[in-house]
Amino acid sequence: MNILLVDDEPLQLMRLEKEVKEVIKGGELYAFGNPRDAYKKAKTVQFELAFLDIEMPEINGIQLAKRLKELYPLINIIFVTAYDQYALEAHRIHASGYITKPVSKASIIEEMENLRNPIELGKEKRIQIKCFGNFEVFCDGEPLRFSYKKSKEAFAYLVDREGSAISVNELNAILWEEDHQSYLRNLIADIQSTLKKVGASDIFIKRHNECYIDITKVDCDAYEYKKDNPNAVRMYRGEYMIQYDWAFFHAE
């Protein structure tokens with residue numbers, strides 16, 4: 001688990017780092033006194049958890065939190081501050097917790113036990129798929145960038161089908177009402193190219209007029225939910241691939 005710590009006061013940052021290390025064993029900690037440097041690092045490292053001071057120059061903790069959530073919608077934000085007047089604003093951006101300084105081990109433990117987005121799911125495979133909330137695909141913690149938005153939607157539908165092969169005609173009907181099979185071939189090529197760039201081309205299988213994904217080679221919150229993984233069950237809040245009209249989660 002990658003953990004981001006940001007506080008512009010060196011002594012407070014040192015104390016925060018010490019207390020977090022004692023509570024969260026095995027986490028990879030990245031400590032920054034400058035929020036701009038922290039955000040720059042967040043563009044190259046996926047953080048599951050962030051402890052942010054609020055009162056900071058140039059970019060305050062609230063602003064930084066909003067930027068981090070744009071990168072990683074499921075990141076857990078815990079604010080660490082000497083003031084309590086920001087509690088309402090922190091609630092508005094769906095923060096996971098709010099700790100008043102001085103930081104203590106007990107306060108960290110309490111917030112870790114009540115995270116908004118549980119982070120205990122194992123990350124054994126390189127491709128991580130998030131279906132709850134907005135649909136997102138990550139490779140080694142980095143967002144996968146398709147050339148076309150429709151490529152991402154086509155891939156999402158294959159994920160939704162859980163490894164079942166679907167025809168090109170069915171995929172066309174899901175994405176458009178009209179016949180766009182020539183454009184669909186470009187989307188399929190884009191999916192293949194995008195996965196090939198990250199060394200994961202074996203996930204997507206195209207045979208004759210059908211295609212599917214090998215679900216044994218990905219980690220997916222929706223799949224874990226159906227295995228009764230308690231952490232995945234807690235993560236589901238009634239939202240599934242919310243950017244797609246056709247998506248509906250069949251909880252079993």
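The values are calculated or read from the model by the stated rules, or taken from the named source; none is laboratory data. Since this is a predicted model, take the numbers as computed values, not measurements. All Cβ positions, glycine included, derive from the backbone under ideal geometry; neighbour counts span all protein chains shown. Accessible surface areas use protein heavy atoms only, side chains included; no ligands, DNA or RNA. Shrake-Rupley method; radii C 1.70, N 1.55, O 1.52, S 1.80 Å.
Helix 149-160 axis versus longest C-alpha principal axis of the chain: approximately 90°, rounded to the nearest ten.
How far, in nm, would the chain grow between Val23 and Lys226 when pulled straight, counting 0.36 nm per residue and subtracting the alpha carbon separation?
Working: separation 203, 0.36 × 203 = 73.08 nm, distance 3.05 nm.
Extra length available between Val23 and Lys226 comes to 70.0 nm.
Near Tyr244: Cβ cut-off under 10 Å, other residues only, Lys/Arg at +1 and Asp/Glu at -1. The net charge is -2. Dipole magnitude for the chain: about 580 debye, using +1 per Lys or Arg Cβ and -1 per Asp or Glu Cβ, origin at the Cα centre. Fully extending the segment from Phe249 to Ser201 would add 14.6 nm, taking 0.36 nm per residue of separation and subtracting the current Cα-Cα distance.
When both bridge partners sit in the chain, DSSP labels roughly 40% of those beta bridges antiparallel. In sequence order, segment 15-21 has phi-based couplings of 5, 4, 4, 4, 5, 5, 4 Hz under the Karplus curve 6.51 cos²θ - 1.76 cosθ + 1.60, θ = phi - 60°, and Gly or Pro positions carry x. Qualifying chymotrypsin sites (Phe, Trp or Tyr not before Pro) in segment 171-252, where qualification requires a DSSP coil assignment and no more than 10 other C-beta atoms within 10 Å, comprise Phe248.
At a 1.4 Å probe radius, carbon and sulfur cover how many percent of the accessible area of segment 197-252? Here carbon and sulfur together make up 48 percent of the probe-accessible area. Per residue, the chain exposes 52 Å² of accessible surface when a 1.4 Å probe is rolled over the protein heavy atoms with every protein chain present. Helices in the chain, meaning DSSP H runs of at least 4 residues, each add -39500 (n - 2.57). Divided by all residues, the mean residue ellipticity at 222 nm is -11000 deg cm²/dmol.
In summary, the lysines within cross-link reach of Lys101, defined as a Cα separation below 19 angstrom excluding same-chain residues under 8 places away, comprise Lys18, Lys21.
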